[in-house]
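A.B. asks: Quick one: the structure is below, and I'll ask about it shortly.
The values are calculated or read from the model by the stated rules, or taken from the named source; none is laboratory data. Please read these numbers as outputs of a predicted model, since none were measured by experiment. Here Cβ is always computed from backbone atoms with ideal geometry, including for glycine, and neighbour counts include all displayed protein chains. Ligands, DNA and RNA are excluded from the accessible area calculation, which covers all protein heavy atoms including side chains. Shrake-Rupley method; radii C 1.70, N 1.55, O 1.52, S 1.80 Å.
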Amino acid sequence: MDSISSDITDFEDTLLELHRDFQRYPFHYGNENPIMPELYRLLREQLTPETVPLEYRQQHSDMEQWRNREMFNRVQNDGNQLPRVRPEVTFYDDGIWGGAKSDFDLVVFPADETVVMQGKKEGIGNFIDAKDTSLSVLCEIKHSMNMSGQFRSGGETDIQALAEYPGEVGRRYFLFLDWWPLDGYGNRTFEKDVRQLENRLDEVEVRVDVAYLPRDGEIEFVREVA
């Protein structure tokens, strides 16, 4: 199994573990804040090898700035490596492109490829080059507390952004934790929510999957919303 396929399996296994933790400690996940660090921690423990090679470029940097000229002389590094999972990523594509968004909640880098990072004009930049960096997983994360209990209202924006990302990706995921999987009458809303989410979407030409983690009930994977 190549790295991307293995990483997707590891990512989905990690979601199962996150779901169990959500159900074990529901009040810990009372808002969106704990989701990212917990998913990041679990993936750091799961992925092997832990790091990938890094190529750091300065083609967007102002080399008149001493910070840029001195950068590599002042940094102790271990062969320029990055952890394979990274939160809060901003991408370059010959500059930040004009899509729905250029920043995403979490990515997983394949084990056998180099990550290309771009410096910013006046110093260290944390921008990943979309054209020259492949991804195993690209993920956006949402919580029912931020979306009135329904992921159909607003989720389409993130799914559209995931679909528009111009780089090479093994799997694009919209991850949704739902504290309120039952409506006020005790009815499960998941299937209706998925239908209404798809109705609100514009045409999506690239596969985007949904992972639905409810506080009560089984995890659900929707393979390719459209």
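A.B. asks: Does region 164-189 hold any residues that are over 19 Å from the mean Cα position of the chain (by Cα) and buried (at least 17 other Cβ atoms within 10 Å of the Cβ), and which are they?
C.D. replies: Those that are over 19 Å from the mean Cα position of the chain (by Cα) and buried (at least 17 other Cβ atoms within 10 Å of the Cβ): TRP179, PRO181, THR189.
A.B. asks: Within region 38-69, how many residues turn out to be open to solvent by less than 50 Å² (accessible area, probe 1.4 Å), polar (S, T, N, Q) and over 22 Å from GLN118 (Cβ atoms)?
C.D. replies: 0
A.B. asks: Got a number for residues in region 184-220 being assigned to a strand (DSSP E or B) and not aliphatic (A, V, I, L, M)?
C.D. replies: 5
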